[in-house]
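Worksheet: the structure to be examined is printed underneath.
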Amino acid sequence: MSRYDSNPFDEEEVNPFANPGSVAPATSRLSPLPPEPYDRGATIDIPLDNAKDLESKEKELQSKEAELKKREQELKRREDAIARAGIVIEEKNWPPFFPLIHHDIANEIPIHLQRTQYVAFTTYLGLVVCLLWNIVAVTTAWIKGEGPTIWFLAIIYFISGVPGAYVLWYRPLYHAMRTDSALKFGWFFLSYVVHIAFCIFAAVAPPIIFKGKSLTGILPAIDVLSGHALVGIFYFIGFAFFCLESLLSIWVIQQVYMYFRGSGKAAEMKRDAARGTMMAAL
């Protein structure tokens, strides 16, 4: 080997600009970039305006939260005051398809009084049926030539009797059963006696006070049966309805009175009446 021969282990020097068409296979040796200095104690500058906005929003949220808590406490205080006063907020739930009244015997009436309350509610619905059938029978009699006066009276009985019965005796009984109020029981007895008297009177329907054929009693039924058999049958059905209503109503007032006497409400009512008389005298 000549001394002038090239050493195969020497690195080949390649000029990249010598031949533009060729790419040198040599590997470039580039030194890595030095790491950037990092100061652990450095602080991040936040604009003062943003910090003030955050503080103001935080204060605003705290004030709203305090206001909500204050309103909740005020609402709870009012609810407690209403509950202590015995005022109950009632939600209308009956009938289900078109709620008109609040009615929940299963959850609001004591278990030992629910049967009586259910039967009392049946008598209320029974009165509705009696007065509605009375309109049907009287309408039939009017068509057969009895005149429009009895029909207008039948309408008046229904319009005044249905809401009147609910307000005068069924609602007081419901509240009396729920709250055990002696005053409500007393008002129920007075109103329910009138209800029973009306049912018995309607079952007979004498031609006094009310115009005779405007109620489907036994006397008008006998009177119209001879001339119009269909009208007479309708009147007899109405007579049966009023008789059944009277019997159920008598049973209800007996049951309520037995509970009223047995629970000591009669004595309580006497004491309340005596106290009211004394206060009025003073």
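The values are calculated or read from the model by the stated rules, or taken from the named source; none is laboratory data. This is a predicted model, so every value here is computed, not measured. Because the Cβ atoms are built from the backbone with ideal geometry, glycine has one as well, and the counts that use them run over all protein chains shown. Just so you know, the surface numbers come from the protein's heavy atoms only, side chains and all, with ligands and any DNA or RNA stripped out. Shrake-Rupley method; radii C 1.70, N 1.55, O 1.52, S 1.80 Å.
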Any chance you could count how many residues in segment 159-209 are outside any helix (DSSP H, G or I) and of a type outside the set (D, E)?
6
Sole miss for E67 among (1) among the acidic types (D, E); (2) in a helix (DSSP H, G or I); (3) under 24 Å from the mean Cα position of the chain (by Cα) is condition (3)
Collect the residues in segment 49-93 that are at pLDDT 80 or above, surrounded by 10 or more Cβ atoms within 10 Å (Cβ to Cβ) and within 30 Å of Y124 (Cβ to Cβ), keeping them in residue-number order.
K92, N93
Matching residues, segment 113-132, being within 14 Å of G238 (Cβ to Cβ), crowded, with 20+ Cβ neighbours inside 10 Å and touching a residue at least 40 places away in the same chain (Cβ under 8 Å)
L127, C130
Taking the condition of being assigned to a loop (DSSP other than H, G, I, E, B) and either open to solvent by less than 60 Å² (accessible area, probe 1.4 Å) or among the β-branched types (V, I, T) (or both), how many residues in segment 211-234 meet it?
4
Test result for R271, of a type in the set (K, R), modelled with pLDDT of 85 or more, in a helix (DSSP H, G or I) and within 23 Å of S191 (Cα to Cα):
no
Flag if I237 is in contact with a Phe, Trp or Tyr (Cβ under 8 Å, 6 or more places away or on another chain), over 17 Å from A120 (Cα atoms) and surrounded by fewer than 18 Cβ atoms within 10 Å (Cβ to Cβ)
yes
Got a number for residues in segment 173-210 being touching an Asp or Glu at 6+ places or on another chain (Cβ under 8 Å) and open to solvent by 60 Å² or more (accessible area, probe 1.4 Å)?
1
In the set A141, A182, the lone residue that is touching a Pro at 6+ places or on another chain (Cβ under 9 Å), among the hydrophobic types (A, V, I, L, M, F, W, C), over 20 Å from E90 (Cβ atoms) and in contact (Cβ under 8 Å) with a residue 60 or more places away in the chain is A141
Quick one: in segment 94-129, which of the residues that are more than 25 Å from S160 (Cβ to Cβ) and not in a helix (DSSP H, G or I) is modelled with the lowest pLDDT?
P96
